[in-house]
Structure formats: structure tokens, C-alpha cells
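What follows is one structure encoded as C-alpha cells, with my remarks underneath.
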Amino acid sequence: MTDISLPVARQYWRRADKAWLALAATLALVALIDWPQFWPTVTFSAGALWHTAPFIAFAVLAVAYMKATGAERLLARAFEGRQARMIVLAALLGGLSPFCSCEVIPFIAAMLALGAPLAAVMAFWLASPLMDPAMFLITSGTLGWDFAVAKTVAAIGLGLFGGFVTMAAARSAVFADPLRERPQVGGCCGVSKPFEGRPVWRFWQEGERREAFRSSALDNAVFLLKWLALAYVIEALMLEYVPADAVAAVLGGDGLGTIFLGALVGAPAYLNGYAAVPLVDALLAQGMSDGAAMSFVLAGGVSCIPAAIAVWALVKPRVFAAYLGLALTGAVLAGIAWQMIA
């Protein structure tokens with residue numbers, strides 16, 4: 001008799017939500033290894049979630065409204081006109097729009113196929129994963145309005161930096177013939193086709209748009225809840241177990257080395273920009289410098305798995321490498337600037 005348990009187990013593993021599994025496994029380990037710390041960890045995380053709940057609710061409803069009205073179609077305007085104007089608009093939309101890189105993969109693929117300049121797309125790609133209304137509210141609620149505003153400005157600045165560098169080097173071997181032959185369209189966000197035509201602001205008058213609102217609100221609420229819950233649990237454990245002196249020694253101080261190290265650590269360190277906010281809060285409390293915190297969130301946001309998948313899906317490896325290089329350089333420059341201002 002053929003043993004089918006292993007294939008079935010693999011199917012369950014592939015379908016399981018890794019964030020919820022990681023949260024359950026982390027709490028189980030705390031209960032097993034250090035039971036007295038289990039309840040403080042749970043209460044700390046629950047309190048942090050409760051504090052962030054108003055920001056989450058507003059952000060979820062705002063994004064769902066934009067989705068249901070079809071306002072994401074306005075993104076097309078960033079890729080019309082003179083190239084310098086395209087770069088500026090793409091950076092602004094990337095840094096301010098409520099859509100992640102994965103959600104706009106089909107749209108960006110179509111625009112590139114129709115001849116939209118890579119420089120404008122690069123500006124959008126660099127800015128898009130770093131800030132959106134939901135992330136702004138969560139960042140301001142945890143790290144303060146000044147950090148949230150500074151990160152927004154840095155996100156737009158990074159988009160401008162990458163876009164104009166790409167435009168200047170458009171004729172180089174790095175950016176020549178940038179697209180894959182068969183774009184691997186896919187990603188993290190459950191990509192859905194946007195509504196055609198002009199936005200319909202009174203979306204509740206159409207059943208399909210009401211369903212889009214409900215689906216988007218539910219998906220984003222669950223998405224934010226699972227990642228923030230995991231992040232707050234990790235923050236509680238970091239504050240309890242990671243020596244503050246060790247963090248201050250490595251990532252503290254005013255030197256350029258700490259900012260560069262923050263970017264290098266941030267690039268592979270986290271999977272999700274929302275989850276990074278509580279982690280940075282914990283690191284700052286333990287002595288991380290302001291500049292290193294900024295370089296950490298910028299480099300990590302651009303190179304996190306969802307954002308990286310969006311770029312890798314459409315362009316060749318050399319363009320993807322340039323994307324990461326621009327992100328790292330821009331993160332360090334923004335970290336230096338924030339260190340001088342903060």
C-alpha cells in the first residue's frame with residue numbers, strides 16, 4: 001500500500017500561512033522554555049495591537065475604498081509625458097499610493113511592454129514598498145510622526161534617486177533589454193484585476209464594487225493582524241532577552257559605519273515592512289542610532305521578499321541587481337541625512 005501521508009503533509013505545508021505558524025511556534029517555544037515569560041509576552045503584544053488598532057482600522061478602510069472605487073487606475077498617469085516628469089510622478093505615487101508592488105505587477109508589465117521607460121518604473125518600484133497610508137499610520141503610531149514623515153520623504157527621495165540614475169544609465173549594458181522573455185507574474189498580495197475606466201467614488205451602488213471593498217478590507221485586516229501580532233511578540237522577546245548594550249555597541253553611535261551596517265542588516269532581516277516597525281521600536285529603545293534605524297527600514301523594505309518578487313518577476317537579473325544596489329545606496333544616504341537632522 002502506497003504511503004500518501006508525505007505528499008498530503010507537503011500540501012498542507014504549502015497551503016498553511018507561515019506567519020500564523022511562526023506566531024504559534026514562537027509562543028509555544030516561550031511557554032516551553034520560559035513559562036513565566038509567556039503571559040507577559042502575550043499581554044505586551046495584545047496591548048501593542050490594541051494601541052495600533054485605530055490606525056489599522058482607518059488604513060484598512062481607506063485601502064478598501066481606493067480598491068473598490070478603481071482609483072488605482074490613476075497610476076497610469078505617472079507613465080505619461082516627458083521622462084523626467086514620469087519619474088517624479090512615479091516616485092510620488094509609489095511613496096503615497098496604498099498599493100504594494102505585487103498588486104501592480106500586471107499593470108507594470110503591461111506598461112513596460114508598451115514602452116514605458118524603465119527609469120519611471122524603477123522610481124515607482126523603489127518607493128512603493130517603503131510607504132503607503134497604512135504603513136504611515138502604523139509607523140506614526142509606534143515610532144512617532146517625525147519618523148513617519150521622514151520615512152515618507154526618504155521613500156520619495158529614493159524613488160527619485162533610482163529613477164534619475166536609471167535614466168542617466170539607460171544606454172548602459174545593465175539596463176539594455178531589461179525585461180524577461182516571459183514575465184513571471186505573481187506575488188504576495190492576491191493580485192486582482194483593477195476596475196476599468198474612471199473611478200466610481202460611490203462604489204456602494206454596484207454589487208461587484210461592494211464585494212471588492214469587502215474582500216480588500218478583510219484581506220488587508222488579516223494581513224496586518226498576523227504580521228503585526230508576530231512582530232509585537234518578537235519585540236517583547238527582544239526587549240526581554242537581547243542585551244541593550246549589545247545593540248548599542250553594534251548599531252549605536254553617530255558613525256557612518258552604524259548606518260551602513262543598519263542597511264546591510266535590514267536588507268535580509270525582515271519579510272514585511274509592517275512587521276519591521278515594532279522591531280525598530282525595540283532596537284531604538286535598546287540603543288540603535290536614528291540613522292541606522294532609517295537605513296534599516298529603507299533597505300529592508302525595498303529588499304523584502306514581497307517587493308523583491310515584484311521586480312524579479314519582470315526584469316532580468318542584472319536589472320534586479322541594480323535595483324538592490326540603488327536601494328542600498330539610497331538607504332545609506334537617507335540614514336546619514338536623518339542622523340544629521342534627528
From the square roots a ≥ b ≥ c of the eigenvalues of the alpha-carbon gyration tensor of the stretch 138-181, which class results: rounded (a/c under 1.5), prolate (a/b over b/c), or oblate?
prolate
The ³J(HN,Hα) series, computed from each phi in the stretch 292-300 with the Karplus coefficients 6.51, -1.76 and 1.60 at θ = phi - 60°, rounded to the nearest Hz and given as x for glycine or proline, is 5, 5, 5, 5, 4, 6, 6, 5, x
Hey, what do the phi angles of the stretch 151-160 turn into as Karplus ³J(HN,Hα) couplings, whole Hz, using 6.51/-1.76/1.60 and θ = phi - 60°, x for Gly and Pro?
5, 4, 4, 5, 4, 5, x, 5, x, 4
With R₀ set to 45 angstrom, the calculated FRET efficiency between the beta-carbons of E240 and A321, to the nearest 0.05, is 0.70
Neighbour-count ranking [beta-carbon atoms within 10 angstrom, fewest first] of K151, K18
K18, K151
Given backbone amide H placed at 1.01 Å from N, residues whose amide H is under 5 Å from that of V315, ignoring those fewer than 5 places away on the same chain, are R180
For the residues W50, W338, what sequence is obtained by ranking on other C-beta atoms within 10 Å, fewest first?
W50, W338
Would you list M122, M135, M238 from fewest to most Cβ contacts within 10 Å?
M238, M135, M122
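All of the numbers you see were taken from the coordinates with simple rules; none came from a lab. Computed from a prediction, not measured in an experiment: that's the story for all the values here. Because the Cβ atoms are built from the backbone with ideal geometry, glycine has one as well, and the counts that use them run over all protein chains shown.
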